[in-house]
Amino acid sequence: MKGYFAVIMLFLALSCKKHSSQADNTCPDYKKGYVIVGLKNTVPIEQAFSFVDSNNLSIESMSGFFYTNPYPEDSLPGLISYLDTKPYINAKGFHANAYINHQTGLLTIASTLYNMDLASQHDWVNMANQLQLTDLNNDTKYMILLVPDGMENYWVTTFLHNDQVKWAELNCILQADPF
């Protein structure tokens with residue numbers, strides 16, 4: 001009986017580790033040169049930019065940074081047209097994502113941002129200030145970052161130790177098994 005108890009305790013102890021794509025081997029095939037980093041919802045976009053820039057990495061894309069602004073509902077078409085002039089929004093076949101949230105009645109911007117180099121970062125921050133955008137602190141903020149090939153696991157581990165990061169993982173390639 002004591003042996004069963006010890007096995008159960010060992011199983012529970014091993015099951016309670018913090019998730020890391022490096023530690024568990026559930027992602028044997030991943031996109032080289034990329035990691036995905038989920039940020040805590042309280043991290044403002046300026047802090048996310050600083051975080052990436054201080055590590056000399058590049059942002060492939062970022063999503064989950066939802067904003068609202070004080071403009072009336074009828075300004076939505078003009079806002080979408082303006083956002084679509086930004087090459088980091090109107091990219092890769094995607095366009096600005098802005099809508100009226102039917103639960104809150106607020107005009108909401110939820111566009112994915114692509115290839116956020118320093119110039120694009122500065123442009124976004126200036127535009128957000130001009131439009132008086134307010135971060136909704138959505139709970140799904142994440143970035144796909146470019147990292148040196150072969151350093152993916154290093155960066156996942158490094159990001160997991162950062163207070164701004166909620167999760168970090170390799171950019172796994174879907175493995176489908178036939179029935």
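Remarks
- Within the stretch 59-81, tally of residues that are surrounded by 13 or more Cβ atoms within 10 Å (Cβ to Cβ) and not hydrophobic (A, V, I, L, M, F, W, C): 9
- Taking the stretch 93-111 as the range and being surrounded by fewer than 16 Cβ atoms within 10 Å (Cβ to Cβ), of a type outside the set (Phe, Trp, Tyr) and over 21 Å from His122 (Cα atoms) as the test, the residues that pass are Gly93, Ile100, Asn101, His102, Gln103, Thr104, Gly105.
- Within the option set Ile80, Ile89, being of a type outside the set (S, T, N, Q), modelled with pLDDT of 95 or more, out of contact with any Leu (no Cβ under 9 Å at 6 or more places or on another chain) and under 18 Å from Leu131 (Cβ atoms) holds for one residue only, Ile80.
- Residue within the stretch 20-36 that is assigned to a loop (DSSP other than H, G, I, E, B), modelled with pLDDT under 95 and of a type in the set (A, V, I, L, M, F, W, C) present: yes
- Pairs with Cβ under 6 Å, 6+ apart, first in the stretch 31-53 and more than 14 Å from Phe159 (Cβ to Cβ), second at pLDDT below 95 and surrounded by 15 or more Cβ atoms within 10 Å (Cβ to Cβ): Lys31/Asn171
- Selection over the stretch 99-115 of residues that are more than 22 Å from the chain's Cα centre (by Cα) and either at pLDDT 95 or above or hydrophobic (A, V, I, L, M, F, W, C) (or both) gives a count of 2.
- When restricted to residues that are modelled with pLDDT of 95 or more, out of contact with any Lys or Arg (no Cβ under 8 Å at 6 or more places or on another chain) and surrounded by 18 or more Cβ atoms within 10 Å (Cβ to Cβ), the stretch 37-51 contains 3.
- If the condition is being more than 18 Å from Leu39 (Cα to Cα) and either loosely packed, with under 13 Cβ neighbours inside 10 Å or in contact (Cβ under 8 Å) with a residue 60 or more places away in the chain (or both), then the stretch 126-146 contributes Asn126, Ala128, Asn129, Gln130, Leu131, Gln132, Leu133.
The values are calculated or read from the model by the stated rules, or taken from the named source; none is laboratory data. Computed from a predicted model, the values in this text were never measured in an experiment. Ideal geometry is used to build each Cβ from the backbone, glycine not excepted, and the neighbour counts take in all protein chains shown.
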